[in-house]
1. Across the stretch 303-321, what is the number of residues that are at negative phi, under 15 Å from the mean Cα position of the chain (by Cα) and at pLDDT below 90?
2. For residues in the stretch 280-333 being acidic (Asp, Glu) and within 22 Å of Lys210 (Cα to Cα), which is surrounded by the fewest Cβ atoms within 10 Å (Cβ to Cβ)?
3. Can you tell which of Thr46, Thr108, Thr103 is touching a strand residue (DSSP E or B) at 6+ places or on another chain (Cβ under 9 Å), modelled with pLDDT of 95 or more and under 23 Å from Ser192 (Cα atoms)?
4. Quick one: which residue in Thr287, Thr258 is out of contact with any helix residue (DSSP H, G or I) (no Cβ under 7 Å at 6 or more places or on another chain) and modelled with pLDDT of 90 or more?
5. Being among the β-branched types (Val, Ile, Thr), in contact with a Leu (Cβ under 6 Å, 6 or more places away or on another chain) and either modelled with pLDDT of 95 or more or under 20 Å from Val230 (Cβ atoms) (or both) narrows it down to one residue among Thr165, Thr194, Thr152; which is it?
6. Can you tell me how many residues within the stretch 64-84 are surrounded by 15 or more Cβ atoms within 10 Å (Cβ to Cβ) and either among the basic types (Lys, Arg) or within 29 Å of Phe128 (Cβ to Cβ) (or both)?
7. Just name the residue that is surrounded by the most Cβ atoms within 10 Å (Cβ to Cβ) out of those in the stretch 196-220 that are free of Cβ contacts under 8 Å to residues at least 60 places away in the same chain and either among the polar types (S, T, N, Q) or assigned to a strand (DSSP E or B) (or both).
Amino acid sequence: MTSWANRIALLDADTGAILRTGTLPPGEASAEDSSFKHLTVAPDGTLILKNQCRPAGNTQQSSLAIFKGLHDGLTQANSIFVAVDPESLEVLDTMQMPEPATTPHGITTFDGRIAIYTCADEHAYRYFWDPESKKLSLDESWVVSYLDEGQTTGDAPGIMGDWITIQTNGAGGKVPSSVVAVNQHDPSRITSITPFGPLKGRQMSLAPPKTCTDVGNGMLYSADAGVGKVAGLRLDQETGDLTTAFVVDAKSLTFQPTIGPKDRRVLILSNMKGDLPRMPTMLELMTGRYKEQVTWRDAATGRLLAESDFFEPLSPNCLITPGYGGRAYYPTAEGFITLQVRPASG
């Protein structure tokens, strides 16, 4: 299954052939500014999609269009949820959101119901999908103001037991980023942490990737490319308190996968290096004037275990994908670079 723009396609898993296609309603957005890149599968198999809307008046492509459009003061249309039958691709129901929701949503079960969590420009929301009535609904008891003044949208929510975790400043900000934890049963129970402290000088915060979550170890990871650091955080399931386990220097705009058994977890991070000294991260991103490497770290301490050479930049907000045999696939605009850690010689 894949979706793009306002289209969705059912693919043959063996051959990749397109079996069926469908059209998705963009809601309040214009068709040319709507992209249903956020596709998830509910526990009952129903496809739940949400569109990401490009700021009206910007004609650029990719996530950079959103950064640039918002920076120029352009506005986004509100997003829409769409429920789709996975076989026929029939649109079963839609739910217009009251705000733009630029980042992906997450799906879980809550008290026996299928719950959809998403972060918008000002609030975090919970929607429900009912497989019997084939209807989407907004849970008005779980509408959460989660941003500090000056912060921008939260990234895709992390689901950690009783808590929903949110990385802020997904579109950048002139105030520090934070990680917020909201209780699923009682949204008035909110905790937060600012792992990198205040911004320095002309620093800007830029944290588009969601927090990587390791539920088994109670750990999550926060990356802020604007300050050039990544933090390992611990979440207390009883209180929701967040504490900092470590902070390392790493300028990353990508997701942070973890691999390996629970007691030997490895954290995979990218690390950017600008072509020019002291160039702001946002300017590096806009111009592509940087290179990037992959690093492997002890997920509990941040200790560096291995690092690659520097290559052409990764696609922003992408995933360095773990593969079989210790391989890692590094996606660029030109294709994939395959990396594999070898034992140290001697």
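1. Matching residues across the stretch 303-321 total 4.
2. Among those residues, the one meeting the criterion is Asp298.
3. Thr108
4. One residue alone meets the criteria, Thr258.
5. Going through Thr165, Thr194, Thr152 in turn, just one is among the β-branched types (Val, Ile, Thr), in contact with a Leu (Cβ under 6 Å, 6 or more places away or on another chain) and either modelled with pLDDT of 95 or more or under 20 Å from Val230 (Cβ atoms) (or both): Thr165.
6. 11
7. Among those that are free of Cβ contacts under 8 Å to residues at least 60 places away in the same chain and either among the polar types (S, T, N, Q) or assigned to a strand (DSSP E or B) (or both), it is Thr211.
Yes/no matrix, rows are residues, columns are (1) free of Cβ contacts under 8 Å to residues at least 24 places away in the same chain; (2) over 25 Å from Gly154 (Cβ atoms):
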residue	(1), (2)
Asp263	yes, yes
Asn271	no, no
Arg289	yes, yes
Phe311	no, yes
Arg327	yes, yes
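The values are calculated or read from the model by the stated rules, or taken from the named source; none is laboratory data. Bear in mind that the values here come from a model prediction, so they are computed numbers and not experimental data. Glycine also receives a Cβ, built like all others from the backbone with ideal geometry; neighbour counts cover every protein chain displayed.
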